[in-house]
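> Right, I'll just put the structure down here and ask away after.
Quick note: the coordinates plus some simple rules give every number you see, no bench work behind them. A quick note: this is a predicted structure, and the numbers were derived from the prediction, not measured. Quick reminder, even Gly has a Cβ in these numbers, built from the backbone with ideal geometry, and neighbours come from all protein chains shown.
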């Protein structure tokens, strides 16, 4: 799901750097032996990291500067040619634009939605467990299977949505086949899938706010409702919010499953997104080096979000 | 100053109606899986079926495609991935947490950096590697790239840090080998962390679509996600009853497990987020 999430977690863990330096094993193994044991224990992990992570990352960057395609026995270095071609490729530009549009909808939708639901749930004790269970359910449901259910709900003739709209006297449309609605529908499913996850993070953030702050606000005569939210809850949720924003942005950039199953980027290129285009170029047309260039751009954006967050984190938001 | 109960009512009203929308796809999926074709293509909303066709639909789901095989494949792949992740990550996490060695700091930084790599970004080199190893379209191909979880190393290291060093010293005095210390002392103490990681890992790979789609191309090794898509394509979208039955079967294991152990699941899934 979100391995990157953890990176951020790493930055949150202020104790991590200290822990690196300390040793208090009071019965040491003997230095040479300890060295040997430690490396022996880490060896499988190190080998697999090189084989499956570091090696491939280097390979993908190098590939993007070549003209190699799957099955070719030789290749040429072509510098930035793949990237220049990308900048003129309508499919790529559409994918970039659609992905950004998708993020621009899913990010506020699932962050503010998750926050609103979390605040509303935690406002009173009744039904907390039940509501949390229900809102978290879409996170658990296999997205691929649920995409197929959504496709059936969105089906123009006998789908549930259009039938419900018809009851209200509104004419439905062919949601997934209409260039004006397709990205909104995909983003809606994205929000549906992500909101519960954000809600859970916000709920634990809310529980961590010291009750004394609210008591102090009561004594100072801060009215309930919006003022209290603006003066206490929102600032205290700062770090959690930033964290949720970054995770959601990274996940939204990775949108693939729903697009592959529901639209394959269509109609036309109206729902083409970065990862889907990469998949099509790399694994259907086998234009490997071109797909590698798309991957590098995707990777660059994801890393940029993570780094921006780290800088922002260091500078601004801190409780203590 | 107590706020009025109007807020209480409003709160339940908003939450309950929004929650209904959120679980609607699940409800609609299950209800459709119980209906005969004639009622599905009826052009009006009908919640409950007039005649139950559950047996026919679920029977079709299991016989028209090897659904059971997909489920077994899902089980094999997720369990194998989890076990290899544990076997690789736990010793490394122990070394990083409790032993002193040259390069420890660098190794930890490398692990932190690798946490940032999204798996899709390395899928092309993985594919080439699997090709070289002859593991395209095989269980090995589905499992091997995920045998290393830097997240697992990171997480277990954090938990091992809180295990007192005295415990390890005492074990060494008692003649425990380092291997025995890891599996008989560290792992049992960090069991809650391991369970949370297990849930995270199994859910992620049961639901994964991107990598199986690339690596698997014959139905014998299809995972549940690939299976349900194959079902849809084979049936050309005109047998929604069996299709929804298949979707229900594939979604059910995780959802049922989640309903029975919510706390652990929410902890496991959101663990990647917060501490």
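> Taking every residue in A:50-62, how many Cβ atoms of other protein chains lie within 10 Å of its Cβ, on average?
6
> I would also like to ask the following. Kindly put B:39, A:281 in sequence by how many other C-beta atoms sit within 10 Å of each C-beta, fewest to most.
B:39, A:281
> Just tell me how shielded B:245-253 is by partners: mean number of partner chain Cβ atoms within 10 Å of each residue's Cβ, no decimals.
Taking all residues of B:245-253 together, the mean is 4.
> I'd like the distance separating the alpha-carbon centroids of segment A:133-206 and segment B:166-245, in whole Å.
27
> May I pose another question? Applying a 10 Å radius around every beta-carbon, put A:179-192, A:79-92, B:49-62 in order of their mean neighbour count, most first.
Most protected by this proxy first, the peptides run A:179-192, B:49-62, A:79-92.
> Given R₀ = 35 Å, FRET efficiency for residue A:234-residue B:262 by Cβ-Cβ distance, to 0.05?
Working from the Cβ atoms, E equals 0.80.
> Arranged by the count of other C-beta atoms within 10 angstrom, fewest first, what order do A:258, A:233, A:263 take?
A:233, A:263, A:258
> Let me ask something additional. At what distance in nm do the modelled label points of residue B:131 and residue B:106 sit from each other, each positioned 7 Å from its Cα along Cα→Cβ?
Between residue B:131 and residue B:106, the simple spin-label model gives 3.3 nm.
> Can you grab the distance from the C-alpha centre of segment B:68-103 to the C-alpha centre of segment B:25-65, Å, no decimals?
First find each Cα centre; the distance between them is then 40 Å.
> Counting other beta carbons within 10 Å of each Cβ, put B:234, B:174 in order, fewest first.
B:174, B:234
> Using only Cα atoms and rounding to the nearest 10 degrees, what angle (0 to 90) does helix B:191-207 make with the longest principal axis of chain B?
Compared with the principal axis, the helix lies near 40 degrees.
> If one takes the longest principal axis of the Cα atoms in chain B, at what angle in degrees, from 0 to 90 and to the nearest 10, does the Cα axis of helix B:5-32 lie?
That helix lies at roughly 80 degrees to the long axis.
> Over the Cα atoms of segment B:64-130, what Rg and Dmax result, in angstrom?
Radius of gyration, then largest Cα-Cα span, for segment B:64-130: 17.1, 58 Å.
> Helix-only mean residue ellipticity at 222 nm, chain B, DSSP H runs n ≥ 4 weighted -39,500 (n - 2.57), per residue, nearest 500. What is it?
-21500 deg cm²/dmol
> Can you give the average number of partner chain beta-carbon atoms within 10 Å of each beta-carbon in peptide B:122-133, as a whole number?
Rounded to a whole number, the mean comes out at 6.
> How large is Rg over Rh for segment A:178-291, taking Rg from the Cα atoms and Rh as the Kirkwood inverse mean of 1/r across Cα pairs?
Result for segment A:178-291 is an Rg/Rh of 1.22.
> Between 0 and 90 degrees, rounded to the nearest ten: what's the tilt of helix B:67-98 against the longest Cα principal axis of chain B?
Roughly 20 degrees, rounded to the nearest 10.
> According to the square roots a ≥ b ≥ c of the eigenvalues of the Cα gyration tensor, what is the shape class of chain A, taking rounded for a/c under 1.5, prolate for a/b larger than b/c otherwise, and oblate for the remainder?
oblate
> Rg and Dmax of the protein assembly as shown, using alpha carbons, in Å: what are they?
Cα only, the protein assembly as shown: 25.3, 81 Å (Rg, Dmax).
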